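The values are calculated or read from the model by the stated rules, or taken from the named source; none is laboratory data. Given the structure is predicted, the values throughout are model-derived calculations rather than measurements. Note that we place each Cβ from the backbone using ideal geometry, even for glycine, and neighbour counts take in every protein chain shown. We work out accessible area using only protein heavy atoms, side chains counted, and drop any ligands, DNA or RNA first. Shrake-Rupley method; radii C 1.70, N 1.55, O 1.52, S 1.80 Å.
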Amino acid sequence: MSLGYAEKLSYIEDVGNVGMVEYFDPSHVLREKIDQLAIMIKKSKHLVVFTGAGISTSCGIPDFRGPKGIWTLQREGKALPEASLPFHRAAPSLTHMALVELEKTGILKFVISQNVDGLHLRSGIPREKLAELHGNSFMEVCPSCGEEYFRDFEVETIGLKETSRRCTVSKCGTRLKDTVLDWEDALPPKEMNPAEKHCKQADIVLCLGTSLQITPACNLPLKALRGGGKVVIVNLQKTPKDKKASLVIHGFADKVIAGVMDQLNMQIPPFVRIDLFQIVLVQALSNDKRYVNWTLQIASVHGQRAALPFIESVEVSFLDREDYKAAILDKQPFRLKRRTAYNKAFEMVLKLNFSDGCGCSSLEIDVPVDFKVSTDCFVFDKDYIFQKLRDKAVLESRCGQNGVIERKTILTARSDVTTYAIVTNVVQYSKTCKAALDSLSNGDLKKRKASVTGTGSSRKRSKGSSKCKSRSGVLGVAIGMFLL
């Protein structure tokens, strides 16, 4: 979880067992259990997955109760671990993306998470098939109309408090609240009710990376037992619910799930992150109509006062205009004010330098400016643009692809606002999956595969995947008319 989240929680003396001993099943036992789990999932009619912090540790997010967990170190009086990357740039793990594939094929019916890292939602699990019991550090909600806002930055508060932003739904405008629970907060019925419903319907509740200690959430999986369902637990530590489980696996979640997906002959999809930003150009004509006073801002789609966490700085230059001075914007808000002749068109080049955790180091965008010509306004199909960007990013195994999804003019403020989408991360899991399988295999894994998938399985492995390059050079790819 986020170190910031842990620090924001109210202090309580008893957080349960910490510093728990980790257990690892012997390799031959682990392989047998993975086979057993794969068969159970293949036969399942209503699979529900219940997740905890253990599925996010491979994303660089520390857990709470493990040997190096946040609460373990706090109790021992030791310094908290350094985050390997900014919390807002964490990418889903192999396990997160495997769940996405299981959901798309109709096997996985519902996901219940105790995590606040937002990685299930970011990975692609549909919101209506996800219960985030303890909230989401990147989500704000309107208490009046219920509209949810999934941010690219960590919301500044926890404990269901008001934030600094307001609902943008027409005729609402209510101040938003964070969604992350503090210790004394009750589980929200909006999340708890569907979670309980699906656990009662489940023939399998698969618990991944959770010590099953936090009540009342930890009791949800057991509701499957009353209807004849089974509970499976995959965790490195022993849990209070182990005796109720039909199968307990002591191993890393990624390794177990990689083995299961291989046995089911299913491929783990790549993760492609797309971020949004706006280029805002505000203009004011001088009294003699010879000059234009204009302001350029590289802004967040979540409001011009919101931070852009994935952009470190912006370099502004002008093509073929030596009389226009270049500038470097290294403090937010990224804003540049200038005065130029009204009748002279020019072209700006914006070099966006991205922050740590992005696969791209920078991106250059050309912005033609002609104050005498009115701007065309349009709104493209965002889902279509996003899919084209994802397809191109996966094909090329690098990020930087970008496209315009909206352009509008605000007459009252004399401003043009252009919204861009850009691929900032591409993660392929083929190498990670292969390493996990290699550590499991002693030469007989493929032989046992047929007993799980069968010769007549309709699920086929998708055609190969490409390798991912980290911090690669940026490529602006033409995808249709407005994909730059």
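Descriptive notes on the structure:
- Solvent accessible area, Å² - Ser144, 1.4 Å probe, full protein context: 80 Å²
- If R0 is taken as 51 Å, the Cβ-Cβ distance between Asp438 and Arg305 corresponds to a FRET efficiency of 0.55.
- The GluC sites (Glu not before Pro) found in the stretch 132-217 that occupy coil by DSSP, while having at most 10 further C-beta atoms within 10 Å, are Glu184.
- Antiparallel DSSP beta bridges within the stretch 198-353, percent to nearest 5: 75 percent
- On full extension, the segment bounded by Leu319 and Val169 gains 50.0 nm, given 0.36 nm per residue less the C-alpha separation.
- Within the full protein context, the accessible area of Phe380 is estimated at about 60 Å² for a probe radius of 1.4 Å.
- Relative contact order of the stretch 272-427: 28 percent, from C-alpha pairs under 8 Å at least 6 residues apart in sequence.
- Pairwise label distance in nanometres, Leu247 with Phe24, each label 7 Å out on the Cα-Cβ vector: 2.2 nm
- Residues of the stretch 403-439 with amide N under 19 Å of the 7 Å Cα→Cβ point at Ser374: 407-418
- Mean-position separation - Cα centroids, the stretch 263-316 and the stretch 223-255, in angstrom: 45 Å
- Charged-residue dipole, Cβ positions (Lys, Arg, Asp, Glu), the stretch 272-427 about Cα centre, Debye nearest 20: 540 debye
- Estimated distance in nm for a label pair at Val349 and Thr295, the labels positioned 7 Å out from Cα along Cα-to-Cβ: 2.8 nm
- The slack between Asp366 and Lys129, meaning 0.36 nm per residue of separation minus the straight C-alpha distance, is 81.3 nm.
- Spin-label model, Thr105 to Asn193: label points 7 Å out along the Cα-to-beta-carbon direction sit 3.3 nm apart.
- Cα convex hull volume per residue for the stretch 272-427 (Å³): 118 Å³
- Charge dipole of the stretch 272-427 about the Cα centre (unit charges at C-beta), most positive-ward option of Leu308, Ile279, Phe371: Phe371
- GluC sites (Glu not before Pro) restricted to DSSP loop in the stretch 238-329 with at most 15 other C-beta within 10 Å: Glu322
- Only protein heavy atoms count here; on that basis, with a 1.4 Å probe, Asp383 has an accessible area of about 110 Å².
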